[in-house]
Amino acid sequence: MAKVVTQDQSTESLRSLSAAELETYHEQGFIIIDNVFPPEDVTAINEELERLLPEHGDTQEHRPGWIFQLGLRSELISTFARDERILTLIEDIVRPGIAIHSAKLVSKVPHSDIVCHWHQDEAFYTRPDDPKSFSETRMSVWVPLQDANEANGCMWVVPGSHRWGLQDFEIMDYGACVRKLTPEEYANEHAIPVPLPAGSMLLFHGLLWHHSRGNSTDHVRRAFIVSYQEATSLADVGQRKLIRPAP
């Protein structure tokens with residue numbers, strides 16, 4: 001089995017967000033970081049996912065090629081989710097401390113018109129009957145394992161939408177990400193695509209409006225997603241994986 005290449009983890013080799021990038025994240029709800037992981041890392045992760053898919057792939061027709069709870073199924077993936085190249089990038093966003101909320105693979109199989117509806121991740125993570133389940137800093141990193149573009153189903157986002165709070169949604173009976181935002185028409189009008197090369201990273205807020213369309217190409221498009229929250233959050237205390245304790 002291939003291994004993820006271990007980068008020199010010295011402080012000097014790790015990239016933090018600049019003040020301007022951090023301001024962009026807080027203003028827009030997302031930021032793009034290019035070329036975080038080299039091709040050999042992307043290849044290793046793809047090979048590991050190929051190994052996991054036959055046994056752990058989601059069996060629902062509207063989520064072909066998805067795998068949930070990846071960190072519990074693979075030591076390589078667990079190591080990747082704790083990689084200092086990610087943690088150093090998000091340490092000024094997710095604090096105090098850092099914990100993993102979830103890790104999953106989402107795929108767009110070739111010639112598929114399955115959409116991921118407009119949604120907010122917090123609509124899936126926050127429980128209406130438990131205010132403590134909400135996290136102030138919860139966010140996700142989205143890493144494409146193939147070049148992601150409009151043809152194969154890259155992400156679309158509505159800049160600044162994370163500042164509008166948790167929105168109403170309706171439950172859909174088709175497609176993925178089924179808690180579809182009620183203001184879908186507004187989202188379609190104000191959205192922008194976020195094409196990314198493999199190994200780059202989209203950092204985005206848990207309240208950001210986002211979705212993806214189908215894949216009209218001959219090749220699969222995979223993305224690895226890890227959601228992080230502050231270590232002091234009471235959200236899913238029994239499930240979270242603590243990485244960096246709060247000071």
(request) Run the dipole for the chain about the Cα centre, Lys and Arg Cβ at +1, Asp and Glu Cβ at -1, nothing else charged, and hand back the magnitude in debye, nearest 20. (result) 480 debye
(message) Through the Karplus equation 6.51 cos²θ - 1.76 cosθ + 1.60, θ set to phi - 60°, convert the phi angles of segment 62-76 into ³J(HN,Hα) values in whole Hz; use x for Gly and Pro.
(response) 8, 9, x, x, 8, 9, 9, 6, 4, x, 8, 9, 8, 5, 4
(request) Subtract the Cα-Cα distance of Arg15 and Tyr186 from 0.36 nm times their separation in residues, and report this length gain in nm to one decimal. (result) 58.0 nm
(message) Test of understanding: what is the full-extension gain from Lys241 to Glu150, defined as 0.36 nm times their sequence separation minus their Cα-Cα distance?
(response) 29.4 nm
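Taking 8 Å as the Cα distance limit and 6 or more residues as the minimum spacing, I'd like the relative contact order of the chain as a percentage.
Answer for the chain is 32 percent.
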(request) Under a cut-off of 16 Å between alpha-carbon atoms, report the aspartates and glutamates in cross-link reach of Lys108, not counting same-chain residues fewer than 8 places apart. (result) Glu50, Asp58, Glu61, Asp147, Glu150, Asp218
(message) Explain nothing, just the number: dipole magnitude of segment 1-124 about its Cα centre with +1 on each Lys and Arg Cβ and -1 on each Asp and Glu Cβ, in debye rounded to the nearest 20.
(response) 300 debye
(request) Quote to one decimal, in nm, the extra length available between Asn35 and Glu170 on full extension: 0.36 nm per residue of separation minus the C-alpha distance between them. (result) 45.0 nm
(request) Report the local net charge at Ala223: Lys and Arg +1, Asp and Glu -1, summed over other residues whose C-beta lies under 14 Å from its C-beta. (result) +4
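Since every read-out is calculated from the coordinates, none of them should be taken as a lab result. This one's a predicted model, so the numbers in the text were calculated from it and none came from an experiment. Note that we place each Cβ from the backbone using ideal geometry, even for glycine, and neighbour counts take in every protein chain shown.
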